[in-house]
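Participant: The structure under discussion is supplied below as structure tokens; questions concerning it will follow.
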Amino acid sequence: MRNRLRRRFLSEELSERPDHALVGIIRIPELQQSPGWAIGKRVVFAVIALFFTAVLVYLDRDGYRDVQEDQLSFLDSLYYSAVTLSTTGYGDITPLSPSARLLNLLIITPLRVLFLIVLIGTTLEVLTERSRQALKIQRWRNSVRNHTVVIGYGTKGRTAVDAMIGDGIKPAEIVIVDADASVLEAAAADGLVTVRGDATKSDVLRLAGVAHATSIVVATNRDDTAVLATLTAREINPRAKIVASIRESENTHLMRQSGANSVVVSSETAGRLLGIATMTPSVVEVIEDLLTPDAGYAIAEREVEPGESGGSPAHTRDIVLGVVRNGVLRRVGDAEVEQIEVGDRLLYVRKGAPE
């Protein structure tokens, strides 16, 4: 069955496409600027080019002639620069001397081209947007390594991303995979790289760089989708840490068999918190505080320091909840971790960021 599912969802169709054909599927975030700022910036560039040209013409005013045979004033130079850069060219002021003509050839003509580019920059930007996106996609695909792929950007996916960013992961190191374009718009607005497509298909996950990812978060809305996405991701990357969320606990063994390292049962977890809240609501507040890294307290993980080796987890400077040894979590009080060693990792309670 495993091989049948893999053949069903294995396709190289997307991953074999050239980068320019992936525009609209992969989206690389970029700095957003308001239309007013973009227009204002171009106007400033145009004014600078205009006055720079006028100064050059005025300094060489003896090499120009107007129809009245008068010497050029700065206003005349500014007028000549404006009609020249805009390619209007009335011909009432013309370069006469060899130096003035050389100045027009080497400096004013390139400025004229630059001036026009600035004025029609918005149109050019639209025309070149696809090429720029294709270049950014190419660079990103060549450099993306050791990142986190989040499958699904609904409530669970957004919350997971917020938690990761709160723990210090950079938004540029997170890739979102979802089939909903409106959801991906929100992810892109948050500065995240997005890939649009069905996460149960291997070619979509390959575009997201799953083969080079350190961890994968499966936060889909359906358990069957989560199982297939996990199976596909594990086939592509046997080494990545896969954390998956499901609604029903009866599907936990399917997630484990599909390759998930950790499974969170969202419905049962919420149910337990609701039950606890009826008797001891303060406990729920503490748990929420521990799960929120922005303020208060938070659960974190760190390596054992050399000076702590050989001691008890209870004698460290932190409140230790567990010890990870050889990839296996041991609870505090377990005989196997009465003495911690260099190479162990401690799960502890740390002070969150101040409010």
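The values are calculated or read from the model by the stated rules, or taken from the named source; none is laboratory data. Not measured: the values here are computed from a predicted model. Backbone-built Cβ (ideal geometry, glycine too); neighbour counts: all protein chains shown.
Participant: Does at least one position in segment 339-353 carry a residue that is modelled with pLDDT under 90, within 31 Å of the chain's Cα centre (by Cα), loosely packed, with under 14 Cβ neighbours inside 10 Å and within 27 Å of Arg234 (Cβ to Cβ)?
Facilitator: Among the residues of segment 339-353, not one is modelled with pLDDT under 90, within 31 Å of the chain's Cα centre (by Cα), loosely packed, with under 14 Cβ neighbours inside 10 Å and within 27 Å of Arg234 (Cβ to Cβ), which makes the answer no.
Participant: Still on this structure, I have one more. Can you tell me which residues in segment 207-225 are over 27 Å from Asn142 (Cβ atoms) and assigned to a loop (DSSP other than H, G, I, E, B)? Don't jump to the end; show me each part of the working.
Facilitator: The first filter runs over segment 207-225 and keeps only residues over 27 Å from Asn142 (Cβ atoms), leaving 219-225.
Within segment 207-225, Ala219, Thr220, Asn221, Arg222 qualify.
Results for (1) assigned to a strand (DSSP E or B); (2) at pLDDT below 85, shown as yes or no for each residue.
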position	(1), (2)
Val227	no, no
Glu235	no, no
Ile242	yes, no
Asn251	no, no
Ala260	no, no
Ala277	no, yes
Glu285	no, yes
Glu288	no, yes
Pro293	no, yes
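Participant: Can I ask one more? Could you grab the pairs with beta carbons closer than 7 Å, sequence gap of 6+ or different chains, first residue in segment 181-193 and within 21 Å of Arg141 (Cβ to Cβ) and crowded, with 17+ Cβ neighbours inside 10 Å, second one acidic (Asp, Glu) and at pLDDT 90 or above?
Facilitator: Leu184/Asp178
Participant: Anything in segment 40-90 that is basic (Lys, Arg) and either part of a helix (DSSP H, G or I) or in contact (Cβ under 8 Å) with a residue 40 or more places away in the chain (or both)? List them, or say none. It would help to see each step written out before you state the result.
Facilitator: The initial filter retains those residues of segment 40-90 that are basic (Lys, Arg), namely 41-42, 61, 65.
Selection gives Lys41, Arg42, Arg61.
Participant: If Thr220 satisfies all but one of (1) crowded, with 23+ Cβ neighbours inside 10 Å; (2) farther than 21 Å from Asn261 by Cβ, what's the number of the condition it fails?
Facilitator: Thr220 satisfies all of (1) crowded, with 23+ Cβ neighbours inside 10 Å; (2) farther than 21 Å from Asn261 by Cβ except (2).
Participant: Before we move on, is Ile246 under 26 Å from Thr230 (Cα atoms), in contact with a helix residue (DSSP H, G or I) (Cβ under 7 Å, 6 or more places away or on another chain) and surrounded by 16 or more Cβ atoms within 10 Å (Cβ to Cβ)? Write out each step before concluding.
Facilitator: Details: under 26 Å from Thr230 (Cα atoms): yes; in contact with a helix residue (DSSP H, G or I) (Cβ under 7 Å, 6 or more places away or on another chain): yes; surrounded by 16 or more Cβ atoms within 10 Å (Cβ to Cβ): yes.
Considered against the rule, which asks whether it is under 26 Å from Thr230 (Cα atoms), in contact with a helix residue (DSSP H, G or I) (Cβ under 7 Å, 6 or more places away or on another chain) and surrounded by 16 or more Cβ atoms within 10 Å (Cβ to Cβ), Ile246 comes out as yes.
Participant: Using the structure shown, decide if Gly63 is in the same structural domain as Ile117 (by TED's automatic domain parsing), modelled with pLDDT under 75 and among the small types (Gly, Ala, Ser). Step through it out loud before you land on a result.
Facilitator: Details: in the same structural domain as Ile117 (by TED's automatic domain parsing): yes; modelled with pLDDT under 75: no; among the small types (Gly, Ala, Ser): yes.
Judged against the criteria, Gly63 is not a match.
Participant: Does segment 323-339 hold any residues that are out of contact with any strand residue (DSSP E or B) (no Cβ under 6 Å at 6 or more places or on another chain) and of a type in the set (Val, Ile, Thr), and which are they?
Facilitator: Passing the criteria: only Val328.
Participant: For segment 262-275, what are the residues that are outside any strand (DSSP E or B) and of a type in the set (A, V, I, L, M)? Walk me through how you get there before you give the answer.
Facilitator: Taking segment 262-275 first, the residues outside any strand (DSSP E or B) are 266-275.
Of everything in segment 262-275, those that are outside any strand (DSSP E or B) and of a type in the set (A, V, I, L, M) turn out to be Ala270, Leu273, Leu274.
Participant: Just checking, which of Ile216, Ile246 is modelled with pLDDT of 95 or more and at negative phi? Explain how you work it out, then say what you get.
Facilitator: Working: Ile246 fails: modelled with pLDDT of 95 or more.
Going through Ile216, Ile246 in turn, just one is modelled with pLDDT of 95 or more and at negative phi: Ile216.
Participant: Kindly indicate which of Ile25, Ile39 is under 30 Å from Ala188 (Cα atoms), touching a strand residue (DSSP E or B) at 6+ places or on another chain (Cβ under 6 Å) and either exposed (fewer than 12 other Cβ atoms within 10 Å of the Cβ) or modelled with pLDDT under 75 (or both).
Facilitator: Values: Ile39 fails: touching a strand residue (DSSP E or B) at 6+ places or on another chain (Cβ under 6 Å).
When all the criteria are applied, what remains is Ile25.
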